[in-house]
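J.: Here it is: the structure, laid out below.
The values are calculated or read from the model by the stated rules, or taken from the named source; none is laboratory data. Note that this is a predicted model, so its numbers are computed, not measured. As a convention, Cβ positions derive from the backbone with ideal geometry for all residues, glycine included, and neighbour counts pool all protein chains shown. Only protein heavy atoms, including side chains, enter the accessible area calculation; ligands, DNA and RNA are left aside. Shrake-Rupley method; radii C 1.70, N 1.55, O 1.52, S 1.80 Å.
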Amino acid sequence: KIYNILAAFPDFTNWNESVATKQRLKPLDDVTREHLKSMEEFNEPWEQILFRVCETDDYLKQNALNISSLLNSMYTKIKKAENKDEDEKSGNTGYVGDYIEHIIHLSAVTNLAANDKPEIQYNVKYLIIESFQRFRKLYENEFEPIEPTRKNILGITNCLSFKIGGIGRFDMTSRPANGNIILQISHPLFPGCTKDKGTILEYFKGKSKEDEYKKIRDNYDQIAGKYLNGSDIRYVGPQRMEETTSIYSKVNLFFDLRFQVVLPSVEDFKDDEVLKPMVKMAKAMYDVHIELDKLGK
């Protein structure tokens, strides 16, 4: 069960009530919540989601402490590795999810759920590089130059990072999923506010810029919404800009902007029409980054 949740939501340090709702987890009562806050293994919000998952199964319940310790150990090692990476000096980029997705990818062929389709075997690196070359040409023909920065993250070959207009980091990644192939563009966006100022909305409200902030979000959501329905090609958002907490600094709030194309084969990605919505969404991510930077000053 933990494996399947990790496959669906690989960045476990950002598990929240949205994940709990999708997994139909029983809410914590006040007494249990206060007790968990006093425990090192379950004092973080994502750890409390893990606790609630474990409560659904006798075996998991008996091993909840060990499972929490294992995930925390993985997080510590990932964070340590990122801090050694010369391209991650800011400490505000990179995902635990990148590593977990890679692990899930490697193990997927031996762990099929009853109703799952066999995972597609394909050259992930080839698909990313070939798709990026065409994506870059399409983007630069319509907008501005793109600067590739790396072709992998610490040896993980299913990620190519790049900058748009000098702003990083944007990632193109790919992985198999239930008989299909996912190609994804992502961008972590930090508006510069912290948890002690409440939500990102409250932060801009305190600067008397609530209306401008909402307009920026609505414009982005409207662009994303064009590609999420009514197409033979499956596009995945999230449609809304969703606020979350940085795994590197527990006080930083940010938007984890992602856009996916899901298709059944590598050949299907060779049509430029498939990549054009991804170009539009990358531009939307860049624009909202610029606009929020200006608004925060």
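J.: Of the conditions (1) modelled with pLDDT under 75; (2) assigned to a loop (DSSP other than H, G, I, E, B), S208 satisfies every one except a single condition; which number is it?
T.: With respect to (1) modelled with pLDDT under 75; (2) assigned to a loop (DSSP other than H, G, I, E, B), S208 is out only on (1).
Residues checked against (1) touching a Lys or Arg at 6+ places or on another chain (Cβ under 8 Å); (2) at pLDDT 85 or above:
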| site | (1), (2) |
| --- | --- |
| L160 | yes, yes |
| G168 | no, no |
| D171 | no, yes |
| S174 | no, yes |
| I182 | yes, yes |
| I185 | yes, yes |
| L189 | no, no |
| G192 | no, no |
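J.: Give me a count of the residues in the range 1-23 that are open to solvent by 40 Å² or more (accessible area, probe 1.4 Å), within 19 Å of S69 (Cβ to Cβ) and assigned to a helix (DSSP H, G or I). Talk me through it step by step, then tell me what you get.
T.: Taking the range 1-23 as the starting set, the residues that turn out to be open to solvent by 40 Å² or more (accessible area, probe 1.4 Å) are 1, 3-4, 8-9, 16-18, 21-23.
Still in the running and within 19 Å of S69 (Cβ to Cβ): 1, 3.
Those left that are additionally assigned to a helix (DSSP H, G or I): 3.
Of the residues in that region, 1 qualify.
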